[in-house]
Structure formats: C-alpha cells, structure tokens
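S.K.: Sharing a structure below in structure tokens format, with a few things to ask.
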Amino acid sequence: MRMLGRVRELYPNHPIFVVMADTGFEHVRPISAEDWSREQVARFALPLSVVRNPNKTYLQMVERRGMFPSSTTRQCTSDLKRGPIEKFVRALSQKVIVNCTGIRSEESSQRSKQIPWKANKSLSVAGRSVWDWMPIFDESLGKVLSWHWCWLQCYAATLQSYAATRRRHRCKAVPATRFTGIPPPVSDDFRQSARS
C-alpha cells in the first residue's frame, strides 16, 4: 500500500495499473488475498488486475520439484510472479512503462544490493521502453508503517466502529507497536489515543 500511495502522490494524472500475481497459495481467511488487495486498491480509485501462471500453482511447483523454494532457488518468484506480471506488461499499449515493486533495501542484505531504478531490457522491445522502479527502496520500516498509520487514521474516520470491521474480517488486528515499537497515532479500537 505504501508503494501505491507513493506512486499516486508523485504521479496523480498518469495511468496506473495495479497487478497482483496470485501464486495459487495466497491466504483465503479471514479475507482472501485477492479480495483484500482489491479493497486496498479501490481506496485509490483504481482497479486490480490479477494474473496467474496458467500451468502451475505454488504447491504444484513444489510437488513437481520435490522441494520448497529457498533464497537461492526462487523459482516461485520468476514463474508465479514475475512471469505473469511481465506477460501483463507486454499486453499494455503504452510505449513507456514504469514497473514498480515495493522492495525495500533494509529487508535483506541481498535486496540492499539491488538497483532501485533501471531499464528492463527484456521488456523494452518493439518500440516500448520499460523501466523497473522501487519507489520505497530507501524507506525504513518505521517510515512505511507511519504512513500506514496516518492513512489508517484518516480512513478510520469513515468507519462506523472497530467492532464492525472485526465482524467484517472476522479477525483481531495485531498492533504494529508489537513489531516496531512505534506507537500508532490511534488506539487499537480506532478511537483517538490520549497521545494526540
């Protein structure tokens, strides 16, 4: 969400296509990954396109290979995510395309070595120029989460109550403070906290 928010902030008048690669092994409860993604994207007044590998799901890939992917053999990323998304990009009529991913450098030492802006030579063909961009590459986890909390605070004002949200999704949200130590600007029940 932070990546999409950043792109919308910077380029509000450009066409934006939001694509989710369904690996066939996405969560289904309390709300499916596709439905959750569609709801988040709709908040930016954008549609969601869902792509899949037509030949295999994640579990079928594991079964055929006889092993799970690892950090060195990430076939699931290339076959189940990048491949279907690249097919989607090739079908677009635009001549200049910026393909955004929400990778952040602090997620791992391997990711920190990536280049946040580069030409995508394999997709830049037939008069089309494709660039790969990681808009939140240099953002810390704290900054990403603080953006979510601020956005959530604005969104919370439109909710009737936290209880209605819990009933809708049939789950209890885990406070981000537990993971980051950063106190949210609103309490867990969406009421304005005493800190504000």
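Every number here is computed from the coordinates shown, using simple stated rules; none is lab data. Being a predicted model, the structure only gives us computed values, none of them experimental. We place every Cβ from the backbone using ideal geometry, glycine too, and count neighbours over all the protein chains shown.
S.K.: Counting only Cα atoms, I'd like the Rg/Rh figure for the range 38-135, Kirkwood definition for Rh.
M.R.: On the way: Rg = 15.5 Å, Rh = 15.6 Å.
We get a ratio of 0.99 for the range 38-135.
S.K.: Which aspartates and glutamates, if any, have their Cα less than 13 Å from the Cα of K113, not counting same-chain residues under 8 positions apart?
M.R.: Once the sequence-local aspartates and glutamates are set aside, what remains near K113 is D138.
S.K.: What aspartates and glutamates does K81 reach when the alpha-carbon gap must be under 19 Å and sequence neighbours fewer than 8 apart in one chain are set aside?
M.R.: D22, E26, E34, D35, E63, E107, D132
S.K.: Checking the cross-link filter: which lysines have an alpha carbon closer than 18 Å to that of K87, excluding same-chain neighbours under 8 positions apart?
M.R.: Within the straight-line cut-off, K87 pairs with K56, K95, K121.
S.K.: With charges set only on the Cβ (+1 for Lys and Arg, -1 for Asp and Glu), what does the dipole of the range 1-48 come to about its Cα centre, in debye to the nearest 20?
M.R.: On the way: 6 positive and 6 negative charges, 46 e Å.
With Lys and Arg at +1 and Asp and Glu at -1, about 220 debye.
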